[in-house]
Every structure is written in structure tokens, then in C-alpha cells.
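*Asks:* Okay, handing you the structure first.
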Amino acid sequence: MAERHDAGVPRDAAHAEDGLAFVGLAGFRDPLRPGVRDAVAELAHAGVRTIVVSGDHPATVAAAAREAGVDAPEVLHGGAALDALDDDELADRLRGEAVVRSRHAEDKLRLVRVLQDRGEAVAVTGDGVNDAPALAAANVGIAMGARGTDLAREASDLVLVDDAYPTIVGAVAGGRGLASQLRRAVAFYLGAKIALVVVIAVPLVLGLPAPFHPVHIVILELFMDVGASVAFVSEPPAPGAMDHPPRDPASRFLDDTQLSAIALTAVALTAAVLPTFLIVHARWGTEMAIAAAVAGWLVANVAIAWTLRARPALAWRRNVAFPAWALIAVASAAVLSLTSAGATLGVDPLNAAAARITVGVRSDRGRDRRGGRVALSLSRRL
């Protein structure tokens with residue numbers, strides 16, 4: 001700040017700034033929002049690196065980046081300096097953490113495309129008109145809702161209504177949790193479908209009646225499809241979801257781990273139900289064998305689905321839907337197989353010996369510790 005007392009109006013700018021007496025220096029600081037540094041660190045831990053692009057003075061951009069925890073070796077300049085680099089040179093400069101000083105929309109768009117051409121999945125945050133092209137070209141465009149321009153919001157895929165950068169961390173964790181639960185649900189669903197086909201087909205090939213009547217299949221489908229879907233969707237994110245890098249978007253959904261989980265589910269269900277049906281049918285006939293198959297299927301479904309959970313030991317209060325579904329399935333199995341209610345569905349209640357055989361097959365499956373370890377290992381990798 002400087003001043004000069006003058007009776008008249010200065011002739012021009014040069015005259016106005018001549019002969020001034022120094023008063024003082026005022027510094028203005030635009031601090032980072034709370035939680036930004038922690039959010040950048042947590043994203044880095046999850047395999048998401050941060051590149052800072054800003055139109056401020058290079059020293060200001062570098063200082064803000066350091067405060068956010070982005071320690072880049074240099075500040076890249078936009079405009080002609082950036083144009084002088086070919087795409088390969090620019091990609092090399094963008095490896096790891098990077099800081100770019102540029103206000104030009106075309107520079108920001110080029111950064112996005114160079115990274116995408118190298119197989120990167122790019123998310124862009126922005127709030128200005130010059131951010132719109134990069135927001136639209138990014139794999140995920142994230143606009144600021146409170147202070148963002150209309151054009152930036154329209155060009156983006158997501159809008160942060162609170163303008164809080166840490167919200168992105170929650171979105172990434174939530175997305176990974178959703179993907180993980182989807183893989184578990186698909187493994188359970190397809191494995192159960194395969195097992196259902198095998199359990200029905202084998203007796204028919206042997207010249208025996210099918211283990212389930214159509215009404216039984218409807219009941220089993222309700223528990224497999226509706227109940228299990230609700231239970232898996234209600235699960236919280238898997239622990240450690242932010243401890244590994246993102247999955248390659250080019251990788252197959254049905255990868256080796258997924259196919260192994262589907263196969264293990266199918267084998268476990270088949271092993272739990274088919275021997276029960278065949279043994280009980282040989283001793284007590286079709287109606288009682290069907291009751292044993294229905295009960296075995298429902299209980300085995302619960303056991304396998306519980307094993308596929310991201311957190312099998314999760315407190316029931318964290319997801320009431322899953323234990324509620326399991327309890328209803330087991331209770332339904334008991335009612336249909338042990339009481340006269342099963343007669344309305346064309347089955348005879350199990351006698352004590354048949355019930356012991358059914359429980360015994362379940363127990364044999366439960367004592368297979370190696371199979372349990374394999375299932376838990378696959379569950380952690382899904």
C-alpha cells in the first residue's frame with residue numbers, strides 16, 4: 001500500500017503512481033478447504049494419483065499443491081511451453097504426481113486425452129467455463145455445485161453439492177463397495193442357478209422324479225433372487241476397499257476369481273442337496289425326499305451366502321437385512337420340512353431319521369475346513 005496527498009486529479013496512471021509514500025504490505029491467503037490434504041493422501045493410498053492444474057501464478061500453484069500433499073518435481077507451464085511437448089514427452093512429465101500451471105481450456109483437454117491414450121481412467125474436478133471441455137472428455141467429470149458455473153455442471157457426470165473434495169473419497173469407496181457386492185451377488189446367483197440345474201437334471205437322468213415341484217422352485221427363487229439381492233445390496237463396503245489400486249477397466253467381469261466363486265458355489269450347493277435327496281428317496285420315497293431337498297437347499301443357500309459376505313462376522317446391527325433373510329430362510333426350511341405345512345406343497349414331513357441324514361450332510365459340508373478356507377479366500381478377492 002502507498003499514498004500521496006494531492007489537491008488535484010492525477011493526469012494519468014503514471015502521474016498517479018509517482019511520488020507515493022510506502023505504507024505497508026498486505027498478504028492475502030486462500031487456504032485449502034478442510035480435509036483436502038487427507039483426501040489426497042487417502043486417494044493416493046487407494047491408487048488414485050492427483051494432478052493439480054490451475055491458472056494461478058506458478059509459485060502460487062506450487063505452494064497450494066505442496067499444501068495439499070502433491071509434491072511434484074516441477075511446475076509445467078501451459079500455452080506455448082506445453083505445445084512444445086509432444087504427447088509422449090507430456091505423458092512422461094505426468095507420471096506420478098504433477099502440477100500444471102495453465103488457464104487454457106485446450107491445455108486441460110489435452111492433458112485428459114494424453115492420459116486416456118495411455119490407458120488411464122481420468123476424473124476431472126472443475127467449476128469454471130474453461131473446465132467444461134475437460135469435464136466432458138473425462139471418464140468422470142466432477143463439477144462443484146455451489147460455486148460452479150452452469151456450463152461446468154452440465155458438462156460433468158457428478159456434481160458435488162457441498163463443494164467438498166473429501167466427498168470424492170467417499171464416492172470412490174462407495175463405488176468400490178458396490179462393485180464388490182455386485183461380484184459377490186453374481187457369484188451367488190449364477191452358482192445357485194447352475195446348482196439348481198444339476199440337482200434337477202441328475203435325478204431325471206437316473207430315472208428318478210425331480211427333487212422340486214414348480215411351486216418349490218418358485219419359493220427357492222424368491223429366496224435366491226429377491227431375498228439374497230436385498231441382503232447383498234444392504235452390505236457395507238468390504239474392509240480394505242481403499243487399500244488396493246483400481247481394477248483395470250479393460251479386465252473381464254467374469255475373471256478367474258469370479259468364475260472360481262461361481263463354480264465353488266455351484267459345487268457346494270449341489271453337494272449339500274443332491275446326496276440328501278438321493279439317500280432319503282431310496283429309503284422313504286419321493287415326497288419325503290423332496291422335503292429334504294427343499295430344506296437342504298434353503299439352509300445351504302444361507303450358509304454359502306454368509307461365506308461370500310465381505311464381513312461374515314459383521315454385527316447384525318450393521319446390516320439387519322442379511323441376518324433377517326437368513327433367519328427367514330432357515331425358519332421356512334424347518335416349517336416346510338418338519339411340520340404339516342409342507343403337505344400343502346406336496347411333501348411329507350421328515351421323520352427323525354431323515355432329518356438326521358439331512359443335518360448330517362449339512363454337517364459334513366460344514367466340517368470341510370479346506371473348502372471353507374477357499375471360500376473365504378475367494379470372498380476377500382471379489
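The values are calculated or read from the model by the stated rules, or taken from the named source; none is laboratory data. The structure displayed is predicted, hence computed values, not measured ones. Cβ atoms come from the backbone with ideal geometry, glycine included; neighbour counts cover every protein chain shown. Protein only, heavy atoms only, side chains kept; ligands, DNA and RNA dropped before computing areas. Shrake-Rupley method; radii C 1.70, N 1.55, O 1.52, S 1.80 Å.
*Asks:* Checking the conditions here, which among 227, 126 is open to solvent by less than 50 Å² (accessible area, probe 1.4 Å), in contact with a helix residue (DSSP H, G or I) (Cβ under 8 Å, 6 or more places away or on another chain) and either under 30 Å from residue 109 (Cα atoms) or β-branched (Val, Ile, Thr) (or both)?
*Replies:* Of 227, 126, the one residue that is open to solvent by less than 50 Å² (accessible area, probe 1.4 Å), in contact with a helix residue (DSSP H, G or I) (Cβ under 8 Å, 6 or more places away or on another chain) and either under 30 Å from residue 109 (Cα atoms) or β-branched (Val, Ile, Thr) (or both) is 126.
*Asks:* Out of the residues in the stretch 29-57 that are under 13 Å from residue 125 (Cβ atoms), assigned to a loop (DSSP other than H, G, I, E, B) and open to solvent by 40 Å² or more (accessible area, probe 1.4 Å), which is modelled with the lowest pLDDT?
*Replies:* This residue is 33.
*Asks:* Within the group 62, 26, which residue is buried (at least 17 other Cβ atoms within 10 Å of the Cβ) and at pLDDT below 95?
*Replies:* Of 62, 26, the one residue that is buried (at least 17 other Cβ atoms within 10 Å of the Cβ) and at pLDDT below 95 is 62.
*Asks:* Please determine whether any residue of the stretch 78-95 is open to solvent by 30 Å² or more (accessible area, probe 1.4 Å), touching a residue at least 24 places away in the same chain (Cβ under 8 Å) and not in a helix (DSSP H, G or I).
*Replies:* No, the conditions are met nowhere in the stretch 78-95.
*Asks:* Something else now. Can you report the number of residues in the stretch 233-264 which are outside any loop (DSSP other than H, G, I, E, B) and within 11 Å of residue 187 (Cβ to Cβ)?
*Replies:* 8
*Asks:* Every residue in the stretch 354-382 that is at pLDDT 65 or above, open to solvent by less than 60 Å² (accessible area, probe 1.4 Å) and under 16 Å from residue 293 (Cβ atoms), please.
*Replies:* Within the stretch 354-382, 354, 355, 357, 358, 360 meet the criteria.
*Asks:* Name every residue in the stretch 144-154 that is at pLDDT 90 or above and crowded, with 22+ Cβ neighbours inside 10 Å, in order of residue number.
*Replies:* Once the filter is applied, which keeps residues that are at pLDDT 90 or above and crowded, with 22+ Cβ neighbours inside 10 Å, the stretch 144-154 yields 144, 152.
*Asks:* Find the helices (runs of 4 or more DSSP H) located wholly in the stretch 116-208 whose residues include 3 or more that are under 24 Å from the mean Cα position of the chain (by Cα), and list them.
*Replies:* Answer list for the stretch 116-208: 132-137, 166-205.
*Asks:* Here's another thing I want to ask about it. Looking at (1) closer than 30 Å to residue 261 by Cα; (2) open to solvent by 70 Å² or more (accessible area, probe 1.4 Å), find the lone condition where residue 196 falls short.
*Replies:* (2)
*Asks:* Could you tell me whether residue 118 is at pLDDT below 95, over 27 Å from residue 145 (Cα atoms), in contact with a helix residue (DSSP H, G or I) (Cβ under 7 Å, 6 or more places away or on another chain) and open to solvent by 50 Å² or more (accessible area, probe 1.4 Å)?
*Replies:* yes
*Asks:* Would it be correct to say that residue 269 is open to solvent by 40 Å² or more (accessible area, probe 1.4 Å) and not basic (Lys, Arg)?
*Replies:* No, not satisfied.
*Asks:* Test residue 14 against the stated conditions and say whether it is farther than 30 Å from residue 173 by Cα, at pLDDT below 95, open to solvent by 60 Å² or more (accessible area, probe 1.4 Å) and part of a loop (DSSP other than H, G, I, E, B).
*Replies:* So residue 14 does not fit the description; no.
*Asks:* So which pairs qualify, if the first residue must be in the stretch 311-335 and closer than 13 Å to residue 230 by Cα, the second must be hydroxyl-bearing (Ser, Thr, Tyr) and open to solvent by 30 Å² or more (accessible area, probe 1.4 Å), the Cβ gap must be under 6 Å, and the two must be at least 6 apart or on different chains?
*Replies:* 319/234; 321/234
*Asks:* Quick check, is residue 338 surrounded by fewer than 19 Cβ atoms within 10 Å (Cβ to Cβ), over 19 Å from residue 273 (Cβ atoms), aliphatic (A, V, I, L, M) and modelled with pLDDT of 85 or more?
*Replies:* Considered against the rule, which asks whether it is surrounded by fewer than 19 Cβ atoms within 10 Å (Cβ to Cβ), over 19 Å from residue 273 (Cβ atoms), aliphatic (A, V, I, L, M) and modelled with pLDDT of 85 or more, residue 338 comes out as no.
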